[in-house]
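Student: This structure is in structure tokens; I'll ask about it shortly.
Here, each number is a calculation from the coordinates, and none is a lab measurement. Values in this document were obtained by computation on a predicted structure and should not be read as measured data. Glycine gets a Cβ as well: all are built from the backbone with ideal geometry, and neighbour counts include every protein chain shown.
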Amino acid sequence: MSDLNQMLEPGMLVQNPDRPDWGVGQVQSNIGGKITVNFPDEGKLVLDGRLITLVPYFGD
């Protein structure tokens, strides 16, 4: 898992730079490298933090 993903906590807003069409998601949990994120345009997904680096979103 990337160092950035380790810092993600429930409630934080994130984007997947590989899938901008998913929109801005909210982290639900981050346990053992499995990050659950609720994306408005894709729904709730469990992502493998070893394969994907999510980017914190702080607004425009």
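Student: Within segment 23-56, how many residues are among the hydroxyl-bearing types (Ser, Thr, Tyr) and closer than 15 Å to Gly11 by Cα?
Tutor: Residues that pass the stated criteria total 2.
Student: In segment 33-54, what residues are surrounded by 13 or more Cβ atoms within 10 Å (Cβ to Cβ) and of a type in the set (A, V, I, L, M)?
Tutor: Within segment 33-54, Ile35, Val37, Leu45, Leu47, Ile52, Leu54 qualify.
Student: Shifting gears a bit: Can you give me the number of residues within segment 14-60 that are among the β-branched types (Val, Ile, Thr) and touching a helix residue (DSSP H, G or I) at 6+ places or on another chain (Cβ under 7 Å)?
Tutor: Counting residues in segment 14-60 that are among the β-branched types (Val, Ile, Thr) and touching a helix residue (DSSP H, G or I) at 6+ places or on another chain (Cβ under 7 Å) gives 2.
Student: Next question, about the same structure. Say we look at segment 15-60 and pick out the residues that are basic (Lys, Arg) and not in a strand (DSSP E or B); which of these is farthest from Leu4 (Cα to Cα)?
Tutor: Of segment 15-60, the ones basic (Lys, Arg) are 19, 34, 44, 50.
Next, only the ones that are not in a strand (DSSP E or B) stay: 19, 50.
Values: Arg19: 17, Arg50: 11 Å.
In this case the residue turns out to be Arg19.
Student: If you don't mind, there's one more thing I want to ask. Mind checking which residues of segment 20-32 are surrounded by 14 or more Cβ atoms within 10 Å (Cβ to Cβ) and either of a type in the set (Asp, Glu) or over 11 Å from Tyr57 (Cβ atoms) (or both)?
Tutor: Trp22, Gln28, Asn30
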